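First the structure, in the form of structure tokens, and then the observations on it.
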Amino acid sequence: MGLSIWQSMERKGYSRRDFLQFCAAAAAAAGLGQSGVAQVAAAFEKKEKPAVVWMHFQECTCCSESFIRASHPIVVDALLDVLSLNYTETLMAASGFQAEKSLNDTLQNNKGKYIVLVEGAVPTHDGGVYCMIGGKTAESILQTVSKDAAAIIAWGSCASNGCVQAAKPNPTGATPISKLVDKPVINVPGCPPIADVMMAVVTHLLVLGKMPELDNINRPKEFYGRRVHDTCYRRPNYDAGLFVESWDDENARRGYCLYKMGCKGPVTYNACSVVKWNEGTSYPIQSGHGCIGCSEEGFWDNGPFYQHLPSFPGFGVESTADTIGTVVGVATLAGVAAHAVVTNVRKQKVIAEVHAEEQKES
């Protein structure tokens, strides 16, 4: 029997007060609120630290960078005190045979109890040769580590939906984790996802012992249930029709809406504008750059980053955006219809002229 989270923290010199403060932070991160602190404390006092294996496949390691560079103390404590991070190529001290032994021992000794965190897509073309570790393909490693896992979490857009690796024409056959394993997968997309969101998902699993409520593409609803547009501080400018027209113009200095500069906030579901980055300091739109929709499937192929969409699919949350979207959409459809009519008239005219010429010749 391994140490519980509280026992591990106590051995490292944490006081009971420190422990309860940590539980409060964990409860808040998991969306359990103040009423959930006692529940978190009870779980952390008794539950054994879960064994974790963190796999890396086709990715740039930005998810790991986001996680370990977060300034919020809960993330640091998660690595040191909440999780038994038994295997991860980027952080572990062991290498070679020692590293492989750590992975194999974790899988054998914790069947049905360990958590698999996966960063990166998996190539499937040409036998999977585009990503191999120790002579094994990424897909074969994934199948091995996921077989007896208690939970599988896909970190970032690469693991969740393929990201840039899966962009057309997808030469390596980059594939999301959920399409390769015969088990439920929690997708935590973003390029990268926010560290606090990552930790909150793990905390939810630890405390409640079950997956959080997911949307139709397996993202936690708590963090991917609302559009960036809905909670954006620039939203009043959107409603008022005040937009940035070109980079660094006077409107940009005034903080007007970035929709005309290609911002995908109206069609992107994420918690960026609420949780923010670097201990709640900022997020892309606040720093002056429009949202590129990195938490949505196929965002690399969903049109240019700096060109706004002609209309907003899936609106219905508010009337103002509905009206604007409808007007733009109707205008687009009207243009298409007009083009079709004109084209058809021209075709009919050409046909008539050809027919007349044939009549003359005959």
R0 of 30 Å, Cβ-Cβ distance residue 252-residue 208: FRET efficiency to nearest 0.05: 0.10
Please state the charge dipole magnitude for the range 228-301, taken about the Cα centre, from unit charges on C-beta atoms (+1 on K and R, -1 on D and E), reported in debye and rounded to the nearest 20. 200
Could you give the nm distance between label points at residue 215 and residue 240, where each point is 7 Å from its Cα heading toward the beta carbon? 2.9
Among 294-304, 173-183, the order from most to least packed when residues are scored by Cβ within 10 Å on average: 173-183, 294-304
For the range 201-216, list residues with backbone N below 16 Å from a point placed 7 Å from the Cα of residue 12 toward its Cβ? 203
Over the alpha-carbon set of the range 228-301, work out the extent along each principal axis and list the three values in angstrom, largest first. 31, 31, 21
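To the nearest 0.05, what FRET efficiency results for residue 34 and residue 97 with a Förster distance of 41 Å applied to their C-beta separation?
0.30
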For the range 117-262: rounded, prolate or oblate by the Cα gyration tensor [a/c cutoff 1.5]: oblate
Relative contact order %, the range 228-301, counting alpha carbon pairs below 8 Å whose residues are six or more apart: 30
Segment residue 301-residue 231, extension gain: residue separation times 0.36 nm, minus the distance between their alpha carbons: 22.7 nm
Stretched out fully, how many nm does the piece from residue 42 to residue 287 gain, at 0.36 nm a residue minus the Cα gap? 84.2 nm
Output ordering of 15-26, 188-199 (per-residue mean of other Cβ within 10 Å, highest first) is 188-199, 15-26
Pop a pseudo-label 7 angstrom from the Cα along the beta-carbon direction at both residue 179 and residue 144 and give the gap in nm to one decimal. 2.4
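Quick note: the coordinates plus some simple rules give every number you see, no bench work behind them. Note that the structure is a prediction, hence the values are computed from the model and not measured. Note that each Cβ is placed from the backbone with ideal geometry, even for glycine, and that neighbours are counted across all protein chains shown.
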